[in-house]
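Comments concern the structure below.
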Amino acid sequence: MLVNLRQTYNENQKQVEDISQSLTYATFVTPVIAFVALLHQVTVYFIPELQKL
């Protein structure tokens, strides 16, 4: 019984670590995407010729 509980815990721990790693990546990627969008908006605002493209 204890062996089964330990095995189940270890398997679930691996899944939790995978999810945690994915959330960590998302934490860094989301601000980068927001920054690129903001940079695009600012560039188009200051260079109106780009709006015609």
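For a Förster distance of 35 Å, can you work out the FRET efficiency between the beta-carbons of Gln51 and Thr27, rounded to the nearest 0.05? E between Gln51 and Thr27, to the nearest 0.05, is 0.60.
Students often get this wrong, so try it: which of (1) 2.73; (2) 1.05; (3) 2.25 is Cα Rg over 2.2 N^0.38 Å as calculated from the structure shown? Evaluating Cα Rg over 2.2 N^0.38 Å on these atoms matches (3). Element breakdown for the chain at a 1.4 angstrom probe: carbon and sulfur atoms account for 67% of the accessible area.
Calculated mean residue ellipticity, 222 nm, the chain: -31500 deg cm²/dmol, from DSSP H runs (n ≥ 4) at -39500 (n - 2.57) each, averaged per residue and rounded to 500.
The mean accessible area for residues of the chain, using a 1.4 Å probe and ignoring ligands and nucleic acids, is 100 Å² per residue.
The values are calculated or read from the model by the stated rules, or taken from the named source; none is laboratory data. Only a predicted model underlies this, so the values are computations on that prediction, with no experimental measurement involved. Cβ coordinates were reconstructed from backbone atoms using ideal geometry, including for glycine residues, and neighbour counts include every protein chain displayed. Keep in mind that these areas ignore ligands, DNA and RNA; they rest on the heavy atoms of the full protein, side chains included. Shrake-Rupley method; radii C 1.70, N 1.55, O 1.52, S 1.80 Å.
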